[in-house]
Amino acid sequence: MSHLVAPSVLSANFANLQSDIELINNSQADWFHVDVMDGVFVPNISFGFPVIKALQKYAKKPLDVHLMIVEPDRYAQAFKDAGAAVLSVHIEACPHLHRSIQNIKNLGMKAGVAINPHTNVSLLADVIADIDVVCLMSVNPGFGGQKFIENTYDKVIRLKQLITEKNSKALIEIDGGVDLNNYKKLLSCGADVLVAGNTVFGSANPVQTIAALKTV
């Protein structure tokens, strides 16, 4: 399977969001990456259900929703209703991670698990076979435009080994600081999905930048 590109809506122009949605619709991008922050799990607040429903109304590609919130289980059904196709919860926010994963899958969404830069991928060993997407944070969660953490390359390699050992079909998603200088190395290490925010929406030609991120 060719790798996927998921532009992060957090970096879009919210004064003209529909225009940026159409831009992604008409590009080679595969998913819309949607970051939901509550100001508790991370020190920032992004957006909630009204914005996601508006996105879903116009988006022609799946919504990849990344929950950076406490008690994410409480809202799984609501995010399904809002249009999420992939729903990722943080391992650090889920004391009963297996239950959280099964709940997401039972609602008909792909189940993702996100892990912070300090969290060891070995903690996923007992659930990796049930996960559809592992979202590796390559910056500390909460804000866009941060510097890429170099240790991510080694982490991707170790996660790929775990996925192979456990015969999992989980995709490895990289979220944070992905750009035209590092994306090929990430792919060579085993990444499957590239989340790109400022790299896409901060470029002079976002559609061309997405096309570049799709090349190997």
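Only the coordinates and a few stated rules stand behind these numbers; no lab work does. Treat the numbers as computed from the prediction; the structure is a model and nothing was measured. When we count neighbours, we look across all protein chains shown, and the Cβ atoms used for this are built from the backbone with ideal geometry, even at glycine.
Listed values, structure above:
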| item | result |
| --- | --- |
| Trypsin sites (Lys or Arg not before Pro) restricted to the range 96-190 and DSSP loop, no more than 15 other C-beta within 10 Å | Lys147, Lys169 |
| Chain lengthening between Lys105 and Ser188 when straightened (0.36 nm per residue, less Cα-Cα) | 27.0 nm |
| Computed log₁₀ I(q)/I(0) - Debye formula, equal Cα scatterers, no solvent, the range 46-170, q 0.19, 0.21 Å⁻¹ | -1.10, -1.27 |
| Förster radius 30 Å - calculated FRET efficiency between Ala78 and Gln28, Cβ distance, rounded to 0.05 | 0.45 |
| Gaussian network model of the chain, springs between alpha carbon atoms under 10 Å - residue of Ile149, Ile163, Ile91 with greatest fluctuation | Ile149 |
| Over 19 Å (Cα to Cα) - which of Lys80/Lys166; Lys147/Lys214; Lys147/Lys184 fall in this group | Lys80/Lys166; Lys147/Lys214 |
| Point-to-point label distance, Arg158-Asn13, nm (Cα→Cβ direction, 7 Å offset) | 4.2 |
| Paramagnetic label zone (point 7 Å from Cα along Cα-to-C-beta, Leu180; backbone N under 16 Å) in the range 190-216 | 196-216 |
| 12 Å beta-carbon shell around Ala76, net charge (K/R +1, D/E -1) | +1 |
| Projected area, mean over directions - the range 4-214, Cα convex hull, nm² | 10.4 |
| Charge dipole (debye, nearest 20) of the range 4-214; +1 at Cβ of Lys and Arg, -1 at Cβ of Asp and Glu | 340 |
| Cross-link partners of Lys160 among aspartates and glutamates (Cα-Cα below 19 Å; sequence separation of 8 or more within a chain) | Asp126, Asp130, Asp132, Glu150, Glu173, Asp175, Asp192 |
| Most mobile listed residue (Gly202, Gly176, Gly190) in the chain, GNM with C-alpha springs under 10 Å | Gly202 |
